[in-house]
1. Using beta carbons and a limit of 7 Å, which pairs, at least six apart or on different chains, have the first residue in the stretch 146-168 and touching a residue at least 60 places away in the same chain (Cβ under 8 Å) and the second one part of a helix (DSSP H, G or I) and buried (at least 16 other Cβ atoms within 10 Å of the Cβ)?
2. Could you tell me which residue of the stretch 198-220 is nearest to residue 132 (Cα to Cα), considering only residues that are without any contact (Cβ under 8 Å) to a residue 24 or more places away in the chain and touching a strand residue (DSSP E or B) at 6+ places or on another chain (Cβ under 7 Å)?
3. Given the conditions (1) modelled with pLDDT under 95; (2) in contact with a helix residue (DSSP H, G or I) (Cβ under 9 Å, 6 or more places away or on another chain); (3) within 23 Å of residue 49 (Cβ to Cβ), and given that residue 152 satisfies all but one, which numbered condition is not satisfied?
4. Of the residues in the stretch 198-220, how many are over 28 Å from residue 186 (Cβ atoms) and part of a loop (DSSP other than H, G, I, E, B)?
5. Which of the residues that make up the stretch 44-67 are in a helix (DSSP H, G or I), more than 14 Å from the chain's Cα centre (by Cα) and surrounded by 15 or more Cβ atoms within 10 Å (Cβ to Cβ)?
6. Looking at the stretch 83-109 only, could you name the residues that are out of contact with any strand residue (DSSP E or B) (no Cβ under 8 Å at 6 or more places or on another chain) and without any contact (Cβ under 8 Å) to a residue 60 or more places away in the chain?
7. So in the stretch 68-83, with the set limited to residues that are polar (S, T, N, Q) and in a loop (DSSP other than H, G, I, E, B), which one is nearest to residue 104 (Cα to Cα)?
Amino acid sequence: MTLSKAWDWNKEKRSIWLEPSEDSYYIVHKWKAKNFKRVLDFGCGLGRHAIFFAKQGFDVSAFDLSDSAIEHLRAWAERENLTIDIVTADMHNLPYADNSFDAIFAYHVISHTDSVGIEKIISEISRVLKVGGEIYLSLCSKETWSFTEAGFPKLDENTVVKIEDGPENGIPHFYVTREDILDLFANYNIERIRHVDDCYYSGAKQSSKHYYIAASLLAK
């Protein structure tokens, strides 16, 4: 299993990482309707979703591997007068008790591992999530440019390491197909899998494809 490596947030200047994602607005509405209370922002980065969920009244915990990201979130939460349980941690070994959370939001984070690591991460998610609790997460698609065309070095048949300027340099990325997702989440009731192509952004044509998965835990 590859070792985890944190993003270098000093090399990321885009404001997008300070704004809640489109998906999070729907998820907040859905989880409120289900009366969920305890939510984990899994790999929180600078904290855009932890802040958003906390403002909506959820009891939020958040972790990230990057110390600088965690300090940014702590300062942000203090400015907003929000109480969030914030820790530095590795997603392969979560510092939470079994059955701690009603829901887990993992946006563009659990792909940062290899084929062995992804199974460990999903096992940890299942451990800290209550039976019947929900996940919303994203995974990199094997149809995306960075897997099919970029020529990045491969760690295994599903994993490449990005070697380009920016915050993700040297970080592994695990890629999947729809069938891989069904296998990985066999003990979940999968409500929906979306396959999205962000084909134009930052003023240029792109080929950035991700899967977005909504599911609930059936059994341990």
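1. Within 7 Å, the pairs are 159/115; 167/9.
2. 198
3. With respect to (1) modelled with pLDDT under 95; (2) in contact with a helix residue (DSSP H, G or I) (Cβ under 9 Å, 6 or more places away or on another chain); (3) within 23 Å of residue 49 (Cβ to Cβ), residue 152 is out only on (3).
4. Result for the stretch 198-220: 2.
5. 51, 52, 53, 54
6. Within the stretch 83-109, 83, 93, 97, 98 qualify.
7. 83
The values are calculated or read from the model by the stated rules, or taken from the named source; none is laboratory data. Every value quoted in this text rests on a predicted model; they were computed, and no experiment measured them. Every residue, glycine as well, gets a Cβ built from its backbone with ideal geometry; the counts of neighbours run over all protein chains shown.
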